[in-house]
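These notes are about the structure you will find just below.
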Amino acid sequence: MKTFILDVVAASILLTLPYGAACAENQILDEIIVRGQQESPNEESLSINEVRESPARDMGEALKQIEGISYVRKGAIANDVVLRGFQKDNINVLVDGVRLHGACPSRMDPPSFHYDFAEIEQVKVIKGPYDLTNPGGLGGMIDAQTKRPGAGLGGDVNLSYGDWNSINAAGIASYGTDAFDGLLGYAYKYSDVPTSGDGKRLTEIYPATSPSRYTSSAIDSKAYEINTGWGKFAVNPTGNSRSEISYTYQDADHVLYPYLKMDADYDRTHRMNWTYRIRKISALLQDLKLQVYWDTVDHLMDDRLRVTSQTSPRLYSMQTDAKTQVYGVKLNAALAVGPGTLKTGLDYYNRNWDAVNRRAMYLAYRDLAMIPDAAIDNLGMFAEYELLPGSRFSLKGGLRGDLTQAEAHKTNTLVAAGTTRAFADVSANLQLTFTPVKGLDIFTGLARGTRTPDQQELYLDVPVMMPSATSNYWHGNKDLNSTVNHQADLGAKYSTDRFYVNASVFYSDLQDYINFYQIPATFEKSYQNIHATMWGAELGSQIALDDDLFLRGSLSYVEARNESAGRSLSEIPPLRGTVSLRYDTGTYFFEALENLAREQDRVDSGLNETPTAGWATTDIKGGLNYHGISLIVGIANLFDKQYFSHLSYARDPFQSGFKVPENGRNVYVAMGYKF
Ligand SMILES: [Cu+2]
């Protein structure tokens, strides 16, 4: 393996030298132009090339490069995306517009865990409740867009290898003509347990007295092993129409979560998506798209790798067997009306969620309807009008209405089978972009976003025999209301071909924000509607200096308050920033990146959340790009710093009680070949 890598390095350098200057123009300049001139100040994007250069294990981790995005870390993989402090169902995390939900009630498998990098071309981010084409997403939307096959025969092979035997291998083959195209892909990911800056494995964070500590044989086991296979096939019956069907199967095996008291035995995911699209049907009807999708996840977790399992009559003392399924249909149209475009659509989805918990001792492994096979049905429609850009003012606004029903199909101690709730929600926004001089865009937005409570927040039930300070009764609240977010955004972006700077500020007033809390004077935790406010700001800039040097910097800040209780909200990321300097000729590059985070001392005292210290780490990387071949060598956390992200400690349920440190120094090599 090592000699092979060295051979490739040597061959690539020899091939490259005579051509260095010729291929100079330059992906980074293209990125500056896209970010500076093609995206609104409240939009961001991440290309798959940027992901490939990073040591990120999954999309949740890779997206932290974007201002305003951070992630919850539970172990070596399966990081959960956080956008401006908004988590979970407060944001929509989609793939090609498909709604996808994880099965685990502890979010071991967030949506972004269920697709592989290699499936994705780029990720689009909208900050704030400005997407009306999907229900929910009151904090924003993250949509991963999958690769589309090009003309002729094509392929893409990627292999990365790094410390802790971490492997990420993927291959795609595609073929396309005018009439049809298709692709097939396969990806394999594996890693042993990473070590943090103190030299200890993530499985060694527990004291010797903790019953949740890993058994001696599990400490050195693999951290995860994931196989993903997918295919996409499309026909173009006429020059203006296209029908596309895609299917993905993912099998994740033995995924460790030191953040929790259990680990995943497996996650098995099916994703299917079919679309039919016709453009330019008439002068009025510009675009018509029908989409039908289905996905399902089967997740099993237990404590068989922990000391808690060792005295139990079965392999495990606690287990959760969870299944979820989403299917939906969307019909969207774009019409040329007056001086602009009217977009309108009708959509429906059904999300079912069933989690069965089994525990030893007094529960005698009885089946408990932790999430009582509960369904959410949502029917919505929207209309949005956009004045064609080109003048100094561009205006966009719209309205969306949703009718939602939640129903439990099983009985638990909280609800009886057949219990239903109904919700009616209205979302709306108005966005104005003013361009006083070329290159300067000023964005203002006013929006109302909503989201309904999910099955877990409504109907969850995890009884304990004797609730205590260390063993709380965790349950849902079937009387929760939908959250309504009234948000204002102000942003300014200035750009030229070689430079952009983007600054944005937002303020959110959240009525009926769904907050996880300790019920006073009890040993119970549940969800409550509170009045909350959030505000924050982001700053991003990228500059092409002379001599192929590029400077990039970012800052993200958010502050969130529980106004009902007069204290901070839990799990809010601290002030963060990055600064990087890159030398990039278009053929080869070298980059040094500094990551910085301040202390987070705005914590939720009601949940006994504790402050997290600030930190700074350094990453370096360098590489070559030549005629479709790329080679990257990087060192993340160069100085092997021991540090913690604030979002690395689970409160409840099945909390382990320990923070998961970030990875220590790790070296990685990534190779790619595209034809
Ligand atoms: Cu789980």
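Any read-out appearing in this document is the output of simple, stated calculations on the displayed coordinates, not a laboratory observation. Nothing here was measured: the structure is a model prediction, and the numbers come from that model. So basically every Cβ, Gly included, is an ideal-geometry build from the backbone, and we count neighbours across all protein chains shown.
Here are a few things to note about the model shown:
- Calculated diffusion of region 216-295, Stokes-Einstein form, Kirkwood radius summed over Cα pairs, 10 °C and 1.306 mPa s, µm²/s: 100
- If you take the Cα centroid of region 341-378 and the Cα centroid of region 536-569, the two points sit 36 Å apart.
- Applying the Karplus relation 6.51 cos²θ - 1.76 cosθ + 1.60 with θ = phi - 60° to region 639-645 yields 3J(HN,Hα) values of 9, 6, 6, 8, 8, 10, 7 Hz, where x marks Gly and Pro.
- Note that region 315-326 has calculated 3J(HN,Hα) couplings of 4, 9, 9, 8, 8, 10, 10, 10, 9, 9, 8, 10 Hz, one per residue in order, obtained from phi through the Karplus relation 6.51 cos²θ - 1.76 cosθ + 1.60 (θ = phi - 60°); glycine and proline are x.
- For the pair region 75-126 / region 460-513, the C-alpha centres are spaced 15 Å from each other.
- Taken along the Cα-to-beta-carbon direction at a fixed 7 Å, the label points for Leu581 and Asp298 span 5.5 nm.
- Put simply, the amide H of Leu94, placed in the peptide plane, has neighbours under 5 Å in Ile142, Asp143, Ala144, leaving out anything fewer than 5 places away on its chain.
- Estimated vicinal HN-Hα couplings, Hz - region 54-65 in sequence order (Karplus 6.51, -1.76, 1.60; Gly, Pro = x): 8, x, 4, 8, 8, 5, x, 6, 5, 5, 5, 5
- Proximal lysines to Lys261, defined as alpha-carbon separation beneath 18 angstrom and excluding residues fewer than eight positions away on the same chain: Lys74, Lys222, Lys525, Lys659
- Largest first, the extents of the alpha carbon coordinates of region 587-630 on the three principal axes equal 57, 18, 9 Å.
- Cα centroid separation - region 658-672 against region 150-178, whole Å: 22
- The calculated FRET efficiency for Thr311 paired with Asp509, based on their beta-carbon distance and R0 = 56 Å, is about 0.65.
- Of the peptides 601-613, 82-94, the ranking by mean beta-carbon count within 10 Å, highest at the top, reads 82-94, 601-613.
- Length gained on full extension, Leu403 to Ala179: 76.7 nm, using 0.36 nm per residue less the C-alpha separation.
- Kirkwood analysis of the chain, using all unique Cα-Cα pairs, places the hydrodynamic radius at 26.1 Å.
- 5 angstrom amide H check on Arg567, placed H, neighbours 5+ away: Asn562
- Cα-only radius of gyration and Dmax that characterise region 136-272, units Å: 20.4, 68
- Reach of Lys323 by Cα under 18 Å, taken over lysines that are not fewer than 8 positions away in the same chain: Lys88, Lys410
- Checking the Cα-Cα distances for Lys343/Lys493; Lys232/Lys478; Lys189/Lys478 against a 30 Å cut-off, the pairs over it are Lys232/Lys478; Lys189/Lys478.
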